[in-house]
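Computed from the coordinates by the stated procedures, all read-outs in this text should not be read as laboratory data. As the structure is a computational prediction, the values presented were derived from the model and not from experiment. Ideal geometry is used to build each Cβ from the backbone, glycine not excepted, and the neighbour counts take in all protein chains shown.
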Amino acid sequence: MKAVKCKSGLSGYQCRLQANYNSFDEFVAYAEVYQLHRRLGYRSMSGCWRANPMIQFSVEPSDFRRAPKQAFLAKRITKLEAQLAVAMRVAEAARNHRVAFNSTPTGRVLREALAAYDASKEK
């Protein structure tokens, strides 16, 4: 199980549904009381069990939900945005100091970054 921060702000866990329950019967017992399959978007308990979705949960019952699919992508996009910001600062510094761009791969990347930066400023 992977440790995650849940919607409530509490620390919780993320794993596949079947990894959290010892058997289908155990899942059914909880699902009958708490309607777990409905919280995950399934009509039937057996359909939910077969699909084995990725879930997040904590000691707070309202935290039980399907894990967001975009979590990985959001982190990756944030990292790429940070890398782009660094490239933009380097390109801006190079332009401000009138550093000549050469034909090295780094120079080409900086030229492309500078062109993208100029285009974004014009909008």
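Below, the figures for the structure above:
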read-out: Radius of gyration and maximum dimension Dmax of the stretch 1-93, Cα, Å; value: 18.2, 64
read-out: Sum of side-chain charges, Gly12 neighbourhood, beta-carbon under 14 Å (Lys, Arg +1; Asp, Glu -1); value: +3
read-out: Per-residue ³J(HN,Hα) for the stretch 10-20, Karplus 6.51 cos²θ - 1.76 cosθ + 1.60, θ = phi - 60°, Hz, x for Gly and Pro; value: 7, 6, x, 9, 9, 6, 6, 3, 5, 6, 8
read-out: J(HN,Hα) series, the stretch 49-60, from Karplus relation 6.51 cos²θ - 1.76 cosθ + 1.60, nearest Hz, glycine and proline x; value: 4, 5, 5, 6, x, 6, 10, 10, 7, 8, 6, 7
